[in-house]
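The values are calculated or read from the model by the stated rules, or taken from the named source; none is laboratory data. Everything numeric here is computed off the predicted structure, so don't read it as measured data. So basically every Cβ, Gly included, is an ideal-geometry build from the backbone, and we count neighbours across all protein chains shown. Side chains included, ligands, DNA and RNA excluded: accessible areas come from the protein's heavy atoms. Shrake-Rupley method; radii C 1.70, N 1.55, O 1.52, S 1.80 Å.
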Amino acid sequence: MNFSESDVQRLLKKVDINDITKRIAAREDWFGKGGIFTPLIKTMVEEALSAEMDSFISQEALKGNKNRRNGYTSKKVKSSSGTFDLNTPRDRNADFEPQIVKKYQTTLSDEIENKILSLYGLGMSYKDIQKHIQDLYTIELSVGAINTITDKIIDKARQWQQRPLENLYPFVWLDGIHYKIKEDGRYIQKCIYTILGVNLSGKKEVLGLYISETESAHFWLSVLTDLQNRGIKDILVVSVDGLNGFIDAIGTIFPKAEVNSCIVHQVRNSLKYVVSKDKKEFIKDLKQVYKASSKEQAEYELSNLENKWANKYPVVIRSWKDKWEHLSNYFKYPNEIRRIVYTTNIIESVHRQFRKLTKTKGAFPSEDSLIKLLYLGIQNATNRWTMPMPNWSLTLSQLSILFGDRIEKYIEI
């Protein structure tokens, strides 16, 4: 807004100079909430809006449109000099779109709102944000006002969760992270399941977040149906950490998908039952199984492991044998693909962002309050995923050999 000397003289006539003089004598603040400059800011903005309307009406007349002023609309606006009622001019045809202070804008700058979202996205508490905004802009915002601003993330998160997906994802991983969420007056432990995929360009992409208290085939059926409804027609390989009911559900929605159980999680779970003095030797024997060059070699080493340790650790050996079908699937792939699918640890980059944002929160008052933060965590992680996975061209060629038409019909050459 540029004002000439005559503009300033005209503006000053519209301000109560006597009131300002009294407030200066009383040594009131010039800036901040209810500051001395507040009425002057209000007048300057309203004058600028009026000039904007005059220009708009003139342009309408040049176009041959019969339009004219039609009173004012009042709304409360926050500024660094306090809050005031701003009167925005209206036109008869309701075509006027003010640019200085837009229709639904409630602060004189989006900078404050963007700053709040940025601080929230760094995991700061509402009280810390409140103090930071006060220090930066001398504006006092209530916790409720900050919550209202951050709630705008919820709509973005819902739109993101419902967005269309690609037809084919060669690799998909699933893993969960637990949080306490308030429900019906008490806090309940719930699991947030992250679904991460790699598309045909080799880029990582979080496909969705799903909340549940328990794992079941019914729950996973609803999750996989959602992915299908959003556009996924096929998945080549899925890596999971022993999720109850998942294998039955995926066989219904994506029957051709191959399921690999996470080797890393299986090893960790196994070592929980091994006493300290045996761990070094047990790990050495176990590596012979999951680092074997082929499935046949791995089964030979598993038999050796059983002969040596079954009497002392029957639960561990039984677990490997019961899950062997899905633990051993990755042996059929070349080394480049094995390194991708043998573990779900690739999701850890996302979950690290989650933990960074939620580390100061003991529990959450609602699912929405948690989703707001996790969505921001996903955006933070995604911003770093600018490059395809290593050796992706070679991996894609190997996938074409292994899966043939299932992948080739979706590759653009």
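On the stretch given as the range 199-208, residues that are farther than 24 Å from residue 397 by Cα and assigned to a loop (DSSP other than H, G, I, E, B) total 0.
Would you check which residues across the range 48-78 are closer than 30 Å to residue 145 by Cβ, without any contact (Cβ under 8 Å) to a residue 60 or more places away in the chain and either under 33 Å from the mean Cα position of the chain (by Cα) or part of a loop (DSSP other than H, G, I, E, B) (or both) and list them? Listed by number, the residues that qualify are 75, 76, 77. Among residues of the range 377-397 being open to solvent by 30 Å² or more (accessible area, probe 1.4 Å) and part of a helix (DSSP H, G or I), the one that is nearest to residue 197 (Cα to Cα) is 382. Out of all the residues in the range 148-198, which are assigned to a strand (DSSP E or B), touching a Lys or Arg at 6+ places or on another chain (Cβ under 7 Å) and in contact (Cβ under 8 Å) with a residue 40 or more places away in the chain? Those that are assigned to a strand (DSSP E or B), touching a Lys or Arg at 6+ places or on another chain (Cβ under 7 Å) and in contact (Cβ under 8 Å) with a residue 40 or more places away in the chain: 168, 179, 181, 187, 196, 198.
Quick one: is residue 188 within 30 Å of residue 101 (Cα to Cα) and among the hydrophobic types (A, V, I, L, M, F, W, C)?
Details: within 30 Å of residue 101 (Cα to Cα): no; among the hydrophobic types (A, V, I, L, M, F, W, C): yes.
In short, no.
Of everything in the range 180-208 that's more than 15 Å from residue 232 (Cα to Cα) and β-branched (Val, Ile, Thr), which residue is farthest from the chain's Cα centre (by Cα)? This residue is 188. Hey, could you check the range 306-338 for residues that are among the acidic types (Asp, Glu) and open to solvent by less than 80 Å² (accessible area, probe 1.4 Å) and say which is farthest from residue 237 (Cα to Cα)? Among those that are among the acidic types (Asp, Glu) and open to solvent by less than 80 Å² (accessible area, probe 1.4 Å), it is 306. For the range 251-274, indicate whether the set of residues that are at positive phi and open to solvent by 10 Å² or more (accessible area, probe 1.4 Å) is non-empty. Taking every residue of the range 251-274 in turn, none turns out to be at positive phi and open to solvent by 10 Å² or more (accessible area, probe 1.4 Å). Taken over the range 81-137, residues that are modelled with pLDDT of 80 or more, open to solvent by 10 Å² or more (accessible area, probe 1.4 Å) and among the aliphatic types (A, V, I, L, M) amount to 1. Looking at the structure I just gave you, is residue 205 charged (D, E, K, R), open to solvent by less than 70 Å² (accessible area, probe 1.4 Å), over 23 Å from residue 350 (Cβ atoms) and modelled with pLDDT of 95 or more? Taking the combined requirement at face value, the residue does not satisfy it. Scanning the range 339-357 for residues that are under 23 Å from residue 241 (Cα atoms) and either among the acidic types (Asp, Glu) or open to solvent by less than 30 Å² (accessible area, probe 1.4 Å) (or both) yields a count of 11. Within the range 301-320, residues that are within 17 Å of residue 290 (Cβ to Cβ) have Cβ atoms under 6 Å from residues that are part of a helix (DSSP H, G or I) and not hydrophobic (A, V, I, L, M, F, W, C) in these pairs: 301/288; 305/285; 316/270; 317/306, counting only partners at least 6 apart in sequence or on another chain. A single member of 303, 239 is modelled with pLDDT under 95 and either polar (S, T, N, Q) or open to solvent by 70 Å² or more (accessible area, probe 1.4 Å) (or both), and it is 239. Considered as a group, the residues in the range 29-64 that are at pLDDT 85 or above and among the aliphatic types (A, V, I, L, M) include one that is least open to solvent (accessible area, probe 1.4 Å), and that residue is 53.
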